[in-house]
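Following: one structure in structure tokens, then a few remarks.
The values are calculated or read from the model by the stated rules, or taken from the named source; none is laboratory data. For clarity, every value in this text was computed on a predicted model and none was experimentally measured. Glycine gets a Cβ as well: all are built from the backbone with ideal geometry, and neighbour counts include every protein chain shown.
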Amino acid sequence: MKFISYPGLLILISIAFFSCDKTEEFVTFSESDLKIEKTKEVEIVYSDSAVVRIRIKAPVLIFHLQASDPFQEFSEGIHIDFFNPQGKITSTLTADYAARYQSKKKTFLKKNVRWMSVNKEVMESPELTWNEETQNLYTNKFVVIATPKDTVFSQGFNADQSFNQIQMRAIDGSMEVKNKSKDGF
């Protein structure tokens with residue numbers, strides 16, 4: 001068994017000590033970095049009286065925690081399922097980008113916004129606002145609404161989130177209208 005002598009040990013420690021890089025690296029964070037939370041593969045479920053009403057899925061959620069107006073950013077897209085009281089999906093809403101402002105209780109969706117019902121009714125628009133408080137969806141942008149029978153184009157759109165009540169402005173296209181009055185009007 002060989003032992004290193006005291007002077008040999010001293011030389012080895014000196015070489016190791018002086019060969020170390022003495023530059024120090026510090027990781028710095030700006031104040032804005034500390035006000036962001038980022039999560040991947042998110043699923044958010046909203047329920048009312050233990051019944052699931054809405055489910056949101058997104059690949060990325062960035063939560064901006066500014067004290068004045070915190071918001072959630074879905075920078076890589078969003079998928080929203082709406083449920084009826086029996087727990088069945090009634091429609092889905094997707095977009096390439098969304099931002100949800102908590103204080104306003106509104107979600108702004110843009111880029112390839114698409115709503116689809118279980119009855120194969122489809123609404124497409126470049127932009128849409130979802131008001132959680134009033135449970136309405138609306139836009140002033142161009143909208144295409146397609147059903148299995150009809151296609152309608154509109155400049156502006158307003159509907160309840162179940163899409164049972166729809167209002168359109170500047171309509172173009174053809175659609176079937178059911179006559180509900182006795183006089184035909």
Residue within the range 118-130 that is of a type in the set (Gly, Ala, Ser), within 20 Å of the chain's Cα centre (by Cα) and closer than 29 Å to Ser68 by Cβ present: no
Number of the exception - Ala146 against (1) without any contact (Cβ under 8 Å) to a residue 60 or more places away in the chain; (2) out of contact with any Lys or Arg (no Cβ under 9 Å at 6 or more places or on another chain): (2)
Residues that are in contact with a strand residue (DSSP E or B) (Cβ under 7 Å, 6 or more places away or on another chain) and under 17 Å from Lys120 (Cβ atoms), drawn from the range 144-158: Val144, Ile145, Ala146, Asp150, Thr151, Val152
Qualifying residue in the range 88-105 (condition: in contact with a Pro (Cβ under 6 Å, 6 or more places away or on another chain), at pLDDT 85 or above and in a loop (DSSP other than H, G, I, E, B)): no
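Residues are listed down the side, and each one gets a yes or a no for (1) charged (D, E, K, R); (2) touching a Cys at 6+ places or on another chain (Cβ under 7 Å); (3) surrounded by 13 or more Cβ atoms within 10 Å (Cβ to Cβ):
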| position | (1), (2), (3) |
| --- | --- |
| Val118 | no, no, no |
| Val122 | no, no, yes |
| Glu133 | yes, no, no |
| Phe142 | no, no, yes |
| Thr147 | no, no, yes |
| Val152 | no, no, yes |
| Gln167 | no, no, no |
Test for Gly184: is it touching a Phe, Trp or Tyr at 6+ places or on another chain (Cβ under 6 Å), loosely packed, with under 15 Cβ neighbours inside 10 Å, on the phi > 0 side of the Ramachandran plot and modelled with pLDDT under 90: no
